[in-house]
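Computed from the coordinates by the stated procedures, all read-outs in this text should not be read as laboratory data. Note that the structure is a prediction, hence the values are computed from the model and not measured. All Cβ positions, glycine included, derive from the backbone under ideal geometry; neighbour counts span all protein chains shown.
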Amino acid sequence: MMTRTPQGRTNRLTRPSIAVAAAVAVTAGVVAAAPDAKTAEPTPKLSLIAASTSVTLDSWKDDPGVYLDLGTYLTSENGSFELKVTRKSYKDPVVATQVLRNGKKTTNKALPAGLVKDFSGLPGFAQVSVTDAAGKTVLKQTEAFCPNNASGRIRPDAPANSKYPQSCPVNPFTLGSVWGVENGWASNTYAGYYAKPVQLAAGTYTAKISVTKKYRDLFGIANKPQTVKVTVRERSWEEEEGSGSAARSAAPKSATTHQGHTGHGGHEGHQQATDAPAAAHGAHGAHARPEAPAGRTTGAAPTFNVGHGPYPPAPPALPWALKKESLQRQAFSAAKVGDRPGQTDGSRQAPAVKPNAKRPTGKATVPDVPKPDLRSLPAYGITVSDGYEDVPGKDYLAFSANVWNAGPAKLVVDGFRSPGKELMDAYQYFYDAKGKQVGYTPTGTMEWDPRPGHEHWHFTDFASYRLLKADKKESVRSGKEAFCLANTDAVDYTVKNANWHPDNTDLSTACGQENSISVREVLDVGSGDTYTQDLPGQSFDITGLPNGTYYIQVLANPENRLKETNHKNNSALRKVVLGGKKGARTVTVPAHELVNAN
């Protein structure tokens, strides 16, 4: 069994930030940049706009700092703005290509080498400067931009839904991603959780926001800086708690937690976590994170993270629509953001894919149709922890592990329970090119995990973890783990048949209840499932191991019970060097080729 930690920049228990009530005002028109004169292909016309001429931001006494959500957006007209971001392997740098579509014709435009260094967005995209009431510059910084921060349509005839993923991956071992602003849509330039709060005293300011010159030149964006008046007000929890139920409903104090499973909300943002997954214990995996400082979403697909591990979800972006006559202001009350039954954030419903009503009948067959390809990512988030209150005085090697599906078919596993039986019988299903079920095969069992924070059905024999000696052959520690499958990380959305909008991005969609008669668990193409091994019994007990070099092995489908297109790529190794003394062990994690993340 294992525990997933919610995504957060740190894993200590903190008071939640308050979701900001946002007043949205929409501009009367959109300034379009001139097309690229160097190509005959139509290019998207990108513009930076501000939804409102003024915003009010809160600075909390217990959590000093202001989240600089200024309500600025990048719009795309005359076609979608689309980028494909990939790397051939971990030995190769990340490269980005702009995809230009003209009817059925598609052309690719390579972006300058080194412009994009990871998968979290376009670095240094927005320039923000803030002056105080006396005209003195008190802040000047650049911010990254994730085009997948889709916030809503800017005109009524735009597509009803954005086809692009809903955030940018930050898993250090991501292999491919697609970023985009849908035609007729706008994406929030605010980075939310992935931007650090800034220090501004209570008072009035003027913020100037612009797209930096290198991106204006590259994408043909007009040099039209936006100016926003900013009011910073200081608030405290004590004052809010004493002001009645209205304040409490606008600012829920209970932090979102997900015991036993990574905080399921989606694929990422702009800042990689630097703290170890076991930095705090928090009641056996009940790690808490603050609420995102964002307004309630209504009527538009919000931004959220499918990518999990130790990373927080992006905030729901602000929905809005173009008003042609005058500025229209709407105030949205704050909403609790996070995962709860049937919901992955403040608005998006994620219903379960229903299992078959009855267990399969007839002869089991494995037809010659596309199958999933399970692959392991190298371990990350590696740290040494003590035994907490469970086993004090010991040393444990904690880590995060991810198994993903490279396709071209999704992994579909149903569990069926005979009346009175403790275990479910599990079956893998196969589908033809039209989505028709054409076969099945028995594939082990599912078991109910009754521990607080879990309380769902785990599919057994999905993966195992081993600590290997320096020769990479002899195992000194091994663990077979059971999972509730969920699409927590967007590992590579450029593979064939990748689903950019998987359904079961949170636990409530697939893991079932104690009295469930059947359960369906799905791992979609392009997505992976991260579990954090940070508790005794999950992590490796290294108390008596000598110092030296070891390898953490993540092994998918260890018994080969699941049918795949390729069984030879199921293992991933990550080198670690143990040091220190008993009770104070250390771990050094060398870079994995070009990926320098612990």
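Below is a table of values for the structure above.
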{"read-out": "Ala202/Thr142 FRET efficiency (R0 22 Å; Cβ-Cβ; nearest 0.05)", "value": "0.30"}
{"read-out": "The stretch 77-216: equivalent-ellipsoid semi-axes (sqrt of 5 x gyration tensor eigenvalues, Cα, Å)", "value": "30, 20, 14"}
{"read-out": "Mean separation of Cα contacts under 8 Å, 6 or more apart, over the residue count of the stretch 141-243: relative contact order %", "value": "25 percent"}
{"read-out": "Förster-model FRET efficiency, 25 Å R0, Asn560 and Ala364, C-beta, rounded to 0.05", "value": "0.95"}
{"read-out": "Backbone N under 19 Å from the Thr549 label point (7 Å along Cα→Cβ), restricted to the stretch 579-596", "value": "579-580, 586-596"}
{"read-out": "Distance-filtered residues of the stretch 391-419 - backbone nitrogen under 11 Å, label point 7 angstrom along Lys582 Cα→Cβ", "value": "394-395"}
{"read-out": "Total charge dipole magnitude, the stretch 46-127, about the Cα centre, Cβ charges on Lys, Arg, Asp, Glu only, Debye to nearest 20", "value": "800 debye"}
{"read-out": "Peptide ranges 400-409, 456-465 listed from the most packed, as the mean C-beta count within 10 angstrom indicates", "value": "400-409, 456-465"}
{"read-out": "Positive-end extreme of charge dipole, the stretch 80-220 - chosen from Thr142, Ser129, Val178 (charges on Cβ)", "value": "Val178"}
{"read-out": "Total charge dipole magnitude, the stretch 139-222, about the Cα centre, Cβ charges on Lys, Arg, Asp, Glu only, Debye to nearest 20", "value": "220 debye"}
{"read-out": "Descending semi-axes in whole angstrom, ellipsoid equivalent of the stretch 448-503, from the Cα gyration tensor", "value": "27, 22, 8"}
{"read-out": "Förster-model FRET efficiency, 60 Å R0, Thr231 and Glu422, C-beta, rounded to 0.05", "value": "0.50"}
{"read-out": "The stretch 120-185 - Debye-derived log10 I(q)/I(0), Cα point model, q = 0.15 Å⁻¹", "value": "-0.66"}
{"read-out": "Pairwise label distance in nanometres, Ser478 with Asp92, each label 7 Å out on the Cα-Cβ vector", "value": "3.5 nm"}
{"read-out": "Protection proxy ranking, peptides 195-202, 99-106, 494-501, average beta carbon neighbours within 10 Å, highest first", "value": "494-501, 195-202, 99-106"}
{"read-out": "Dipole magnitude of the stretch 82-166, debye to nearest 20 (Cβ charges: Lys/Arg +1, Asp/Glu -1, about Cα centre)", "value": "440 debye"}
{"read-out": "Listed peptides 46-54, 371-379, 590-598, 485-493 by packing density, highest first (mean Cβ within 10 Å)", "value": "485-493, 371-379, 46-54, 590-598"}
